[in-house]
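Asks: Got a structure for you, questions after.
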Amino acid sequence: MSTVAVVCQLLVAAAFLSIPLVRHRFGPAAKAAADRELDRQGVPAGVLEANGLRFDAGGHETLAPLAVAAVMVILAGLGLADHAWSHPLTWVFQSLVIAMNALILHSNLTATRSVETAFRRKGDPVLARIDVAAFLKAAEGAFPGWVTVLQNVRHVVVFGGSALALVGIAVAG
């Protein structure tokens, strides 16, 4: 298998591992900032937990990126071993990673609208009065500025690395 594909798969794995690491480190500060903003808006404490909103590294925010990273490491290992399944599995999983990352990027770009829609669907009058843009801005402000740069680099690595891995195995044969 292509060395390029293996290196790209390991880079994609590292990019996905960065998500729970950042959330673990800065999630509590983001939650505290969000809570302060909600308090400023007169929203009762605990509304985030009651509605499953979190900024930490718990639940699927950890499991999904870890699963993707594990799959990428396994694919890299299969590629290094020149296993017969490495190429077809790379085609399948790198394509899925591209699609998943597109969904993540879309979710990031439409977060305010998505949260507003989710709050409206719940039919809770407390949620309906939240200024979601201010709430999310407060939470985002608790993350250091370099996290935005990391997020953009992560997208470039995931999209570019996945595309290069697919090109690498296509060229290799």
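The values are calculated or read from the model by the stated rules, or taken from the named source; none is laboratory data. The structure displayed is predicted, hence computed values, not measured ones. Methodologically, a virtual Cβ is constructed for each residue, glycine included, from the backbone with ideal geometry; neighbour enumeration extends over all protein chains shown. For the accessible areas, the whole protein counts, side chains as well, though only heavy atoms, and no ligand, DNA or RNA atoms are used. Shrake-Rupley method; radii C 1.70, N 1.55, O 1.52, S 1.80 Å.
Asks: Determine whether the range 21-31 contains at least one residue that is in a helix (DSSP H, G or I) and touching a Ser or Thr at 6+ places or on another chain (Cβ under 9 Å).
Replies: yes
Asks: Looking at 61, 49, which is the one that is within 20 Å of residue 123 (Cα to Cα) and of a type in the set (Asp, Glu)?
Replies: 49
Asks: I need every pair where a residue in the range 148-170 that is within 17 Å of residue 65 (Cβ to Cβ) and open to solvent by 70 Å² or more (accessible area, probe 1.4 Å) has its Cβ under 8 Å from the Cβ of a residue that is at pLDDT 95 or above and not basic (Lys, Arg), sequence separation at least 6 or different chains.
Replies: From residues that are within 17 Å of residue 65 (Cβ to Cβ) and open to solvent by 70 Å² or more (accessible area, probe 1.4 Å), the pairs are 153/15.
Asks: While we're on this one: I'd like the full set of residues that are assigned to a helix (DSSP H, G or I) and buried (at least 16 other Cβ atoms within 10 Å of the Cβ), limited to the range 127-147.
Replies: Correct list: 127, 132, 135, 136, 138, 139, 147.
Asks: Among the residues of the range 32-66, what is the count of those that are among the polar types (S, T, N, Q) and either assigned to a loop (DSSP other than H, G, I, E, B) or under 12 Å from residue 135 (Cα atoms) (or both)?
Replies: Of the residues in that region, 2 qualify.
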